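Notes to accompany the following structure.
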Amino acid sequence: MKVAVVYMKTDKFMKPIANEIARDARTRALTQDEFDHQSIFDLLVLTFSSHHLNYKQLASFISSLDRQHVHNVALVGTYSITDAIMKKTIALCHKQDLPLMREQYTCKLPILSRHLPDVVIKDSRIYVNDMITIVDNYY
């Protein structure tokens, strides 16, 4: 099974989560510029933090995806006040007709959080391992 873990290059806050998820998936975390749009992926895990993100970058990346090359999409996100970015991202995936997994992982962080709590990394890993299992066994 081929898995891609992508984080936005300006979102350094999510880089540790992307790296941990990628290690579990036996791949490496990629920025949106490193992502190969011509390769076929069984699962694309897209990580983002709503308070460290340029949404236009995320929207541009999602708009560039093709259902023929990405068979399943899983979203991992954090937010401080509202999870509106996650909702907008889900809506954009639906608009692009991308095969979005039924569940997404989102976590609320303190407003002035400068680092990710260990529980967020742990829960993100559990979520992605579950999504890999689902894709591997059912799709």
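The values are calculated or read from the model by the stated rules, or taken from the named source; none is laboratory data. Because the structure is a prediction, the values reported are computed rather than measured. All Cβ positions, even for glycine, are placed from backbone atoms using ideal geometry, and neighbour counts span all protein chains on display. The area values use the complete protein model at the heavy-atom level, side chains included, leaving out ligands, DNA and RNA. Shrake-Rupley method; radii C 1.70, N 1.55, O 1.52, S 1.80 Å.
For this structure, a couple of remarks:
- Qualifying residue in region 57-74 (condition: β-branched (Val, Ile, Thr) and under 21 Å from ASN129 (Cα atoms)): yes
- From ASP130, ASP97, ASP66, residue being under 27 Å from SER39 (Cα atoms), assigned to a helix (DSSP H, G or I) and charged (D, E, K, R): ASP130
- Of residues in region 123-137 being in contact (Cβ under 8 Å) with a residue 40 or more places away in the chain and not hydrophobic (A, V, I, L, M, F, W, C), the one most open to solvent (accessible area, probe 1.4 Å): ASP136
- Hits in region 64-95 - residues which are among the polar types (S, T, N, Q), at pLDDT 90 or above and over 18 Å from THR47 (Cβ atoms): GLN68
- Restricting LYS56, LYS15 to those that are under 13 Å from the mean Cα position of the chain (by Cα) and either in a helix (DSSP H, G or I) or on the phi > 0 side of the Ramachandran plot (or both) reduces the list to LYS15.
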